[in-house]
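Structure record follows, encoded as structure tokens.
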Amino acid sequence: MLIIDGDYPMAGGAIRSQRDLTLPIEQARAASPDFASSAGRPDSGIMATIPEMRKAEVAAAIVKVLGCILRDGHAHGDVRTDELSYANAQGQLAYYRIMQANGYFKMLKTRGDFSEHMKVWSEADNRDDLPVGFVLGMEGADPIVWPEQVHEWYEDGLRVVSLSHYGVSRYSHGTGTGTDGGLQGDAIGLLREMDSLGMILDVSHTSDESIRQELDNFTGPVISTHQNCRAITPGERQIPDELLRRIIDRGAVIGHSMDTWMMYREGVDWANIPPRRDIFPETAVTLSDYVDHIDHVSQMAGDSLHSAIGGDTDGQGGAEGAPYEVDTVSDYQKVAEIMDQRGYKQEDIENVMYRNWQRFFEQWLPE
């Protein structure tokens with residue numbers, strides 16, 4: 001069955017850890033452990049490469065650029081200045097561009113691009129050489145140095161923006177800052193410019209109060225690329241039912257994250273996240289827990305039109321941070337098996353695995 005992954009911060013991980021994601025996953029995982037351990041997470045935990053995505057039937061993904069500024073009081077950040085934030089994210093965009101030029105990726109900027117790409121994947125007998133489609137998103141809006149600059153990013157292909165990531169961004173409070181901090185700076189100006197372009201707002205990683213203010217000031221399409229339900233897993237990183245209802249009413253698709261911290265039912269202090277294995281064994285969080293979040297959204301909505309895959313693939317800690325049954329993205333197919341065991345109809349399973357994202361982008365990407 002086809003899959004669309006709602007969140008894969010591919011370029012950031014590839015560049016920081018100097019990974020060759022054009023290789024079969026076994027070869028990518030066997031890269032120098034000394035180099036990988038000094039540059040980022042171990043290569044042995046890589047969950048996705050282009051060949052593995054093809055094998056997994058991942059037809060498309062929302063891939064991300066990010067460049068969060070390190071600010072006093074919040075230890076999470078990639079860079080120190082506005083200029084470095086912009087340059088860092090532009091460098092990640094350059095990675096996607098060269099991957100496209102070499103035939104591994106295809107940027108899906110319009111609804112026609114998306115429909116055509118999915119038709120090719122649906123009809124192909126062999127996908128070994130097909131490019132994987134991607135919709136370009138930004139995780140934390142620090143690289144948009146002033147609101148009007150979003151027009152430049154839009155021309156570059158950016159279609160999805162979340163205002164925050166970890167800590168306090170230029171425009172809003174995000175994960176690790178509690179739930180009460182709201183929008184700041186010229187966030188309203190940025191939302192206005194995004195509205196004028198028909199861009200998509202991602203509420204992942206954003207504080208509760210910031211989301212409330214976003215929904216009050218942004219009239220365009222809304223999604224949550226990688227987020228789970230606070231009613232099941234406590235903690236500020238998950239979305240509460242109040243806001244879940246509001247975004248469902250706006251037609252949102254919620255991509256459920258494969259980050260086990262977002263499914264561990266005891267919860268975690270998101271301002272001070274400890275090593276997972278210090279708290280729970282890998283068997284403690286399974287894909288059954290993952291499907292519980294799909295169930296919760298589907299029950300709240302009264303249909304299967306709002307839940308989707310939002311892996312946070314390799315951004316959530318790699319295989320070490322995934323549910324027990326997940327080693328690579330190929331194991332995302334097991335979600336369909338569990339849904340079938342729970343009595344979901346085939347149509348509902350297809351909605352979650354890929355059709356909900358497909359319908360959303362075929363409606364909301366520009367013509």
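Each value in this text was obtained by applying a stated rule to the coordinates, not by laboratory testing. Given the structure is predicted, the values throughout are model-derived calculations rather than measurements. Don't worry about glycine lacking a Cβ; one is built from the backbone with ideal geometry, like all the others, and counts go over all protein chains shown.
Things to note:
- Pairs from the list LYS55/LYS334; LYS64/LYS109; LYS64/LYS345; LYS55/LYS119; LYS64/LYS119 with a Cα-Cα gap above 20 Å: LYS64/LYS345; LYS64/LYS119.
- For VAL65, distant residues with modelled amide H under 5 Å away: GLY137, MET138, GLU139
- Choice from PRO234, PRO281, PRO143 showing the highest fluctuation, given a GNM over the chain with Cα pairs closer than 10 Å: PRO281
- Karplus-derived 3J(HN,Hα) values for segment 216-228, using 6.51 cos²θ - 1.76 cosθ + 1.60 with θ = phi - 60°, are 6, 10, 10, 9, x, x, 10, 9, 10, 5, 7, 7, 10 Hz; glycine and proline are entered as x.
- Euclidean distance between Cα centres, segment 265-315 to segment 246-261, Å: 11 Å
- Sparsely packed loop sites in segment 69-153 (the trypsin sites (Lys or Arg not before Pro) outside DSSP H, G, I, E and B with at most 11 other Cβ atoms within 10 Å) comprise ARG80.
- Sparse-neighbourhood loop sites, GluC sites (Glu not before Pro) in segment 229-291 - DSSP loop, at most 15 other Cβ within 10 angstrom: GLU266
- By the equivalent-ellipsoid construction on the alpha carbon gyration tensor, segment 222-367 comes out with semi-axes of 24, 17, 14 Å, ordered largest to smallest.
- Here the residues HIS256, HIS226, ranked from fewest to most Cβ neighbours within 10 Å of their Cβ, fall in the order HIS256, HIS226.
- The chain, relative contact order in percent, only Cα pairs under 8 angstrom and at least six apart counted: 19 percent
- MRE, 222 nm, helices only [DSSP H, n ≥ 4, -39500 (n - 2.57), over the chain, to nearest 500]: -10500 deg cm²/dmol
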